[in-house]
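Here the structure is laid out as structure tokens; the discussion comes afterwards.
The values are calculated or read from the model by the stated rules, or taken from the named source; none is laboratory data. Note that the structure is predicted; figures quoted are calculated from it, not measured. Here the Cβ positions follow ideal geometry from the backbone for every residue, glycine too, while neighbour counts run over all protein chains shown.
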Amino acid sequence: MLNLRQLMKRERKPGDLVFAVLFFAFAVFLAGNLDTQTRWVPRTSLFAQPSFWPTVSIVGMVVFGALHWLGSIMSKRIPGRLREIGFWVRSLEYAFWFMIYVWLVPLAGYLLSTVFFAVFLVVRAGYRRRIFVWSAIISACVIVLIFKAGLQVKIPGGALYEYLPTSLRSFMLTYL
């Protein structure tokens, strides 16, 4: 017969315990806020309740998060945890760049901001050859054309557009 330690045995990664704790804490946070986000409607069948499926999924997150945490605690310590967490934190740099991009779009406009950041991120990632830079420029222009002209997504024009001649400004606001 299998005991609990054999059942929980699997290959672990250095950041496993930290991930398990963070995931479980997030699941408990969601469970604690479930009442304020969804509701149970009287005289409605169980599966049609607005709260049923969110409750099922969050209860699953709590249960499996607790089991993952328990399994991580029961396994032996793995060296390299801080190095793994440092790798996770370094990836937050790109979230920071995205926030700057979001801040810049209303100032410089969607086209200019997208081209600038596409080129910047390609160079930042270490791709400095001309082919990569031109690919980033072309990709950014295609993305802008698809979203603004093709899908007609309403993205506010940049404050920089106010300095353009009237006909060019209306074109830029509509299509770019």
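Is it the case, given these coordinates, that W53 is out of contact with any His (no Cβ under 6 Å at 6 or more places or on another chain) and under 30 Å from R5 (Cβ atoms)? Taking the combined requirement at face value, the residue does not satisfy it.
Residues that are surrounded by 14 or more Cβ atoms within 10 Å (Cβ to Cβ), at positive phi and outside any helix (DSSP H, G or I) are absent from segment 51-61 altogether. The residues of segment 151-176 that are loosely packed, with under 11 Cβ neighbours inside 10 Å and small (G, A, S) amount to a single one, S167. In segment 105-116 there is at least one residue that is more than 30 Å from K13 (Cβ to Cβ) and outside any helix (DSSP H, G or I). The set of residues in segment 123-137 that are surrounded by fewer than 12 Cβ atoms within 10 Å (Cβ to Cβ) and either among the polar types (S, T, N, Q) or within 22 Å of W97 (Cα to Cα) (or both) comprises A125, G126, R128, R129. Is it the case that some residue within segment 165-173 is farther than 30 Å from P14 by Cα, at pLDDT 90 or above and assigned to a loop (DSSP other than H, G, I, E, B)? No, every residue in segment 165-173 fails to be farther than 30 Å from P14 by Cα, at pLDDT 90 or above and assigned to a loop (DSSP other than H, G, I, E, B). All conditions in (1) touching a residue at least 24 places away in the same chain (Cβ under 8 Å); (2) at negative phi hold for G109, with the sole exception of (2). Scanning segment 122-164 for residues that are outside any helix (DSSP H, G or I), over 29 Å from S91 (Cα atoms) and either in contact (Cβ under 8 Å) with a residue 24 or more places away in the chain or aromatic (F, W, Y) (or both) yields a single hit, G157.
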